[in-house]
Amino acid sequence: MENTHRRPSGKRPKKRRFRGNHFMKVCSHTYVAERRDTTMRCIGQGLESLKTFCAVMSLPNPVEQKSYDVINNKLSRVMKEVAEESMKRAAVEENSSSPDNLLTVSGDGTWKTRGHSSLIGVCTV
C-alpha cells in the first residue's frame, strides 16, 4: 500500500496549519490571542464574552480581569492617538483645498429612548 503522505522525493511534507484562507508553517499563540482579543473588542464584547468564545472554540483561557483592563487601557490610548492624528491630517487636507477656511460639517445623533431626557446616546460628526 502506497503512503499518500509522502512526496515523490520520499520526504514528508512540512506540517502546515490552516489560518483563514492561507496555510502557514507556524501558528503563533501570540498571534491567535491578539486576533481573538482585537475581534472581541471590535464587536463590542468584553471579557466574559471572550471567555465564552474561548470555551466554545477550545482555545486557552484569556487573561484575568486586571490584565484585560490594562490591555484595554493601552489599546484605548493608541486608538485615540491614531484617531486624533487621522483627524488632524483630514483637517490639513481640507484646509489646503479650501482657501477661505470655510468647512462644511455634517453630524447625526441618536438617543437610546424617545425624547431628550435620556443620558445615553451617540453622535457622529
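The values are calculated or read from the model by the stated rules, or taken from the named source; none is laboratory data. Remember, predicted model here, so these are calculated numbers, not experimental data. So basically every Cβ, Gly included, is an ideal-geometry build from the backbone, and we count neighbours across all protein chains shown.
Taken over region 46-90, residues that are at pLDDT below 85 and under 17 Å from V125 (Cα atoms) amount to 0. Scanning region 65-102 for residues that are loosely packed, with under 10 Cβ neighbours inside 10 Å and in a loop (DSSP other than H, G, I, E, B) yields a total of 4.
Do the conditions hold for V105, that is, is it in a loop (DSSP other than H, G, I, E, B), out of contact with any Cys (no Cβ under 8 Å at 6 or more places or on another chain) and surrounded by 12 or more Cβ atoms within 10 Å (Cβ to Cβ)? Walk me through it before giving the result.
Values: in a loop (DSSP other than H, G, I, E, B): yes; out of contact with any Cys (no Cβ under 8 Å at 6 or more places or on another chain): yes; surrounded by 12 or more Cβ atoms within 10 Å (Cβ to Cβ): no.
When the stated conditions are applied, V105 does not pass them.
Can T30 be described as assigned to a helix (DSSP H, G or I), loosely packed, with under 10 Cβ neighbours inside 10 Å and either free of Cβ contacts under 8 Å to residues at least 24 places away in the same chain or touching a Phe, Trp or Tyr at 6+ places or on another chain (Cβ under 9 Å) (or both)? Working first, answer last.
Values: assigned to a helix (DSSP H, G or I): yes; loosely packed, with under 10 Cβ neighbours inside 10 Å: yes; either free of Cβ contacts under 8 Å to residues at least 24 places away in the same chain or touching a Phe, Trp or Tyr at 6+ places or on another chain (Cβ under 9 Å) (or both): yes.
Answer is yes for this residue.
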